[in-house]
Structures are given as structure tokens and as C-alpha cells.
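Coordinate-derived values only; no laboratory data. Source: prediction; values computed, not measured. Cβ sites come from the backbone with ideal geometry, for glycine too, and all protein chains shown count toward neighbours.
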Amino acid sequence: MLRPHRPQGGTATRAGLPAPPAWLRLLPVLYVVAVLLVEPATPVDWPVSFVLIAVPLVTAFAHGPVVVGAATVFAIVLEGVLAGTPCCAGRSVGYLWDRHYVASYVCTALVGVLGTLLAAHRIRRERTLADVRFVAEIAQRVLLRPVPHRIGNLLMESLYLSAAAEARIGGDLYEAVPTAYGVRLLIGDVRGKGLLAVETAAALLGAFREAAHDEPDLPALADRVETSMSRRANQLGGHETAERFVTALFAEIPAEGHVVRVVNCGHPPPLSLRAGEVRELDSGRSAPPLNLGMLVGDPYRVDVYPFRPGDQLLLYTDGVTETRDAAGTFYPLLQRLRSWGSLPPRELLERLHQDLLEYSGNRLQDDTAALAVRLLPEEAAASAPAG
């Protein structure tokens, strides 16, 4: 099951090979037991012991070359015991050196060699996959750095779910940066999939992290990020340049003032949650997505909304609202949030995570990112430990 993405600090360590499921490890034993149970009940002309030839291949699914080799020797010996011991199959005489049984010994040995090679190849591939996952985990820590759980009087939590079970990073992104102008937030969704989307997300995050400290207001910040994105797209060239756009939402929560400022660039509007009340912060003045603003030329507009102590802000990508159930119905985000009542950021995103997986039947159609921010009451902010 996919978990909420909460990158942690510290040094990454290379993970070992994943252990096969218990039933797969026990499959060779169950296979042999089934043969021993069926063999006495079959006619002499139809000895089931011949199917022991497959034991090395069955073992190769979950075990290494050494175990496969041992299973091969065991299978040959067991075939000889069943062939040479009359009582094992209700025979009057033994057939230990009958040419058909000798052929089964030879075939089992050959299959054992193939099974040993298969097991060695499987382990090599699994190690390669483990290395790729390790590198992807490091890349995710660089691309989506840990969001602080608390900045000043703000509690934060992030969620990232990939539609691909083996993926670690994609085109959805988020960030929170404390600056002299307040805490600045970003959530975005890159058009497209694959490495191109990851590269675009990395360029966007790098531009935002740098510009967030320099630009005095959100329109200037959005304009600078778009300039960086356009420059990057032009450097790459090709017919995909015009398609490299990103829906993004910039938000700023100043240290004083109890407001949140929002610049929306074609992204789903944020949600304000307070005591079970949920509403969209949408003025209807969204700017075009990043890298498309130059085609329109409209200036970025700042919308200001109240953000009082106890309020919570939920930023999310369209992977949340475009999640579908078996009937094709879109996920009712506002309805769900209203039914859950007031939850702190971590519990809120954990609940959202579980609900999305249950609603979609563990079949997410798109990458999903979310960022929850809560303004602590003054008395709670004063007593709560920082960090």
C-alpha cells in the first residue's frame, strides 16, 4: 500500500532485496507434498512422480541458486525413491533404472541447471531494481525536500501519492519556504508524465526556492518563476516547448495580519477549513498556467482571504478531485472534508490518503499531492515546542 510521502532527514541507506511472500517461499514444499499425496492413488502406467521435474523451476521463483541446486538434487533423489520402492506407488517391482525414469532424472538435472540460471538472473534483476529504487528515493529527497512540520505558528503536513506503484517521483510538486515576507507555499502539477515532467518539476522548484526569498510580492514571484520556466523550455527546444506548462498556486501567509494571499495560475483553488466549514478560495481571476502567461499577457492578481487562528488551508493537485470510483464518479472532496469535521494536518492527510485509495479501489489514475497548513491559536503557538 502506498503511504503519505513524509520525507525524513538523515542519511539514506540502501535497502536489501524485498522478501518474497511466505506462500511463494513455501510453494516448493507444498508442491512436493501434493505429489506424495497423489502418487499412491495413480495407476502404475501414469506415475505422478514425473512432475517432480518442475521442482527446480518452482523453487527458482522465490529462492537463490544454492537453494535451487539443493532442490534439484532432492527432486532427483525423491524420484529415485519413488521409482525404486514398490510400496510407494502400489507396484509389485521397482523401476529405479527403467529408461523412462532415467530420462526423468536427466530432465530434472537439466531443468535444475536452467532453474539455477533463472534464480541467479532474478536476483541480479532484483538487485538492480533495488538500486534504482534507492536512487529514486534520493532523487525524491532532493526534489521534494522535507516540509517542516512547524514554521512559527503554522503546522504543516504533506502528502504525495504516485499513480504508478513503483514510482517515487512525478510531475506533482509542493514546497513551503519561510521568508522575510512570511511563509510562502507552492503546489503545482506539470503537464505530462515521465522524466520530462520530473525535470520540469525540478526546474520549477529550484526557481521558486531561490526567488521566494528575493521577490517582495507574489506577482513578482510568480513572474520570476515563469521567466525561469520559459527560459528552460526554450533551452530544451523541440516541439514539446509549448506543451511544457504547469498549473501552480502560490500562497503567502505573513507572520502578522491573519490573512493568506493567493496567486492562482490555472490550478485547483485552495480550500479553507474551519470548525467543519469548508469553502473554496476562488475569486474567478485565475491566471494562465506557467509558461503560457506570455501568450495572454494578463498581470498576476493577488487574492486576499482571512486566515484566523484555528483555520486550516488545504492545497492539492487535480489528482485528488479527478480520482474516480468503479462507476466513474469523481471524488467528492468537499463533501468528504465536511463529513470529517476538524482534523489537524497530519490526521487530515492520513484520512484523505486512505479514503482516496478506498474510493478508487487502490487504482489511482493520476499522481496526487496535497499540503495542509494550520494556523495555531496564539495560546497553543506560545506553548507548543518549535520544530
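Highest mean first, the peptides 228-234, 34-40, 258-264 sorted by other C-beta atoms within 10 Å per residue fall in the order 258-264, 228-234, 34-40.
Oblate is the label for region 280-351, because the ratio a/c of its alpha-carbon gyration tensor axes (a ≥ b ≥ c) is 1.5 or higher and a/b is not greater than b/c.
Tell me, what is the FRET efficiency for A120 and V51 to the nearest 0.05, using R0 = 30 angstrom and their Cβ-Cβ distance as r? Working shown, then result.
Numbers: r = 24 Å, r/R0 = 0.81.
Given R0 = 30 Å and the Cβ-Cβ separation, E is 0.80.
Roughly how big is region 263-373's charge dipole about its Cα centre, with Cβ charges of +1 (Lys, Arg) and -1 (Asp, Glu), in debye to the nearest 20?
For region 263-373, the charge dipole is close to 260 debye.
Distance between the pseudo-spin-label points of E256 and D282 (7 Å out from Cα toward the beta carbon): 3.5 nm.
For S342 and V77, compute 0.36 nm times the residue count separating them, minus their Cα-Cα distance, and round to one decimal in nm. Contour length minus the Cα-Cα distance gives 88.7 nm.
Please report the net charge: other residues with Cβ closer than 14 Å to the Cβ of G152, K and R +1, D and E -1. Provide the component values of the computation, followed by the final result.
Details: positive: R150, R184, R374; negative: E252, E256, E378.
Neighbourhood net charge equals 0.
Among 109-122, 326-339, the peptide with the highest mean count of other Cβ atoms within 10 Å heads the list, and the full ranking is 109-122, 326-339.
Packing here is the average count of other Cβ atoms within 10 Å per residue, and on that basis the peptides 53-63, 246-256, highest first, run 53-63, 246-256.
A simple spin-label model places pseudo-atoms 7 Å from Cα toward Cβ; at Q354 and A19 they are separated by 2.5 nm.
If you take the square roots of the eigenvalues of the alpha-carbon gyration tensor of region 168-234 and sort them as a ≥ b ≥ c, do you get rounded (a/c under 1.5), prolate (a/b over b/c) or oblate? Can you show the working numbers first?
Working: a/c = 2.71, a/b = 1.59, b/c = 1.71.
In terms of gyration-tensor shape, oblate.
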